[in-house]
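Here is the structure we will look at, set down as structure tokens.
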Amino acid sequence: MWDIFSFSFWADFWQTHGLWLMFFSAFLSATILPGNSEIVFVSLAAPKVLVGSLLSADIFWLVFLATAGNTLGSLTTYWICLLYTSPSPRDCS
């Protein structure tokens, strides 16, 4: 049975699923929902940078997934805007 109220459960969970957390945080931060993906990025990158691996594969994947999530989030916002706005008569002339 999982002890979801223990610190070790959540530490292991976010260690295992940190890249997904980075992607969804960047995605939601780029949409109309408020969020701070920078905090998630720094908290996931700091242990790896402090060890001395500034140009490692882990940092590359963090940056890649943050960029992909941010791009897809902004495209989603753009698509929602196109979907729910109607052209005004001024735009047609």
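The values are calculated or read from the model by the stated rules, or taken from the named source; none is laboratory data. Since the structure is predicted, the reported quantities are computational estimates derived from the model, not experimental observations. For neighbour counting, all protein chains shown are included, and Cβ atoms are generated from backbone atoms with ideal geometry for every residue, glycine included.
Quick notes
- Within the stretch 43-75, the set of residues being assigned to a helix (DSSP H, G or I) and either modelled with pLDDT under 90 or among the acidic types (Asp, Glu) (or both) comprises Ser43, Leu44, Ala45, Ala46, Pro47, Lys48, Val49, Leu50, Val51, Ala57, Asp58, Ile59.
- On inspection, Leu33 fails the criterion of being without any contact (Cβ under 8 Å) to a residue 24 or more places away in the chain, out of contact with any Pro (no Cβ under 8 Å at 6 or more places or on another chain) and in a helix (DSSP H, G or I).
- Test: residue in the stretch 1-21 that is without any contact (Cβ under 8 Å) to a residue 24 or more places away in the chain, of a type in the set (Ser, Thr, Tyr) and outside any helix (DSSP H, G or I): yes
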